[in-house]
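Shown next, in structure tokens, is the structure this report addresses.
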Amino acid sequence: MIPASILWGLALPPGIAGLGLALAARFPRLRPAAPLGLALAYAAAHVALLGLPTIPPVEATRKLVLGVLLAGIAGIVSRRLPARGRVGLRSAFSAALLAWLLTPLLRHTGSGGTAAAWIAGLTVALTLYWNGLEAAAERVVGSALPLALWASASGMAGVLTFAGSVLLGQLAAAVATALGAAVAVAWWSGRTTLAGGAVAPVAIALGGLAVTGGLYAEAYPAALLL
């Protein structure tokens, strides 16, 4: 029998994300509901699976849920910034989040230069990923992008689970169910778009899970990139 926590962790995200995306699609003035809905969907899955995050959080997964919530807000704020300001915000956000997530690991490297190199390299990768998703969201209207992201999140869930981290796999599966709702809303509305900051919490959730899985759960980085 599947535990109730897992059922709730997979059932809540599509409902919350679908509501936010439907409101954003139906009422243009409610466009911020899309990033907020996706961010809250991930948070709901986290609470169902792990409970409320401790303050201050210690584990990487508990830090990530706060990062995803803040990414939803960053996605809304970025809509009011010029192009360079949006890129700068994503870069700064990515660097701060990665430094926070990797603190326990970097303390054991014994080299400040190594730590800085890890953070710099991963910051560039996460920023490029986030920028790429935002650019695609600006061009693609409809279900194509949500469907592609759903496939990516589903694949990540499988990789993380087989790598030995069932919890990270469940969180990635929760992202996939939320994106499944995005696909459904896109089919329903015919014009749903993830532009305007809605991909921000998705980029941080998937990017953060990939980094956490690659460094803590021993998932193969190449497999997570597929």
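The values are calculated or read from the model by the stated rules, or taken from the named source; none is laboratory data. Since we're looking at a predicted model, the values are computed, not measured. Methodologically, a virtual Cβ is constructed for each residue, glycine included, from the backbone with ideal geometry; neighbour enumeration extends over all protein chains shown.
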Identity of the residue in region 154-204, under 19 Å from Leu12 (Cα atoms) and among the polar types (S, T, N, Q), that ends up modelled with the lowest pLDDT: Gln170
Residue, surrounded by the most Cβ atoms within 10 Å (Cβ to Cβ), within region 24-45, restricted to residues that are aliphatic (A, V, I, L, M) and free of Cβ contacts under 8 Å to residues at least 24 places away in the same chain: Ala33
Failed item, numbered, when Leu70 is tested on (1) at pLDDT 90 or above; (2) buried (at least 19 other Cβ atoms within 10 Å of the Cβ): (2)
Candidate set from region 73-103 (those that are surrounded by 12 or more Cβ atoms within 10 Å (Cβ to Cβ) and either modelled with pLDDT under 90 or not in a helix (DSSP H, G or I) (or both)); member that is farthest from the chain's Cα centre (by Cα): Leu81
Region 170-196 residues that are assigned to a helix (DSSP H, G or I), paired with ones that are surrounded by fewer than 20 Cβ atoms within 10 Å (Cβ to Cβ) and among the β-branched types (Val, Ile, Thr) (beta carbon under 7 Å, 6 or more apart): Gln170/Ile6
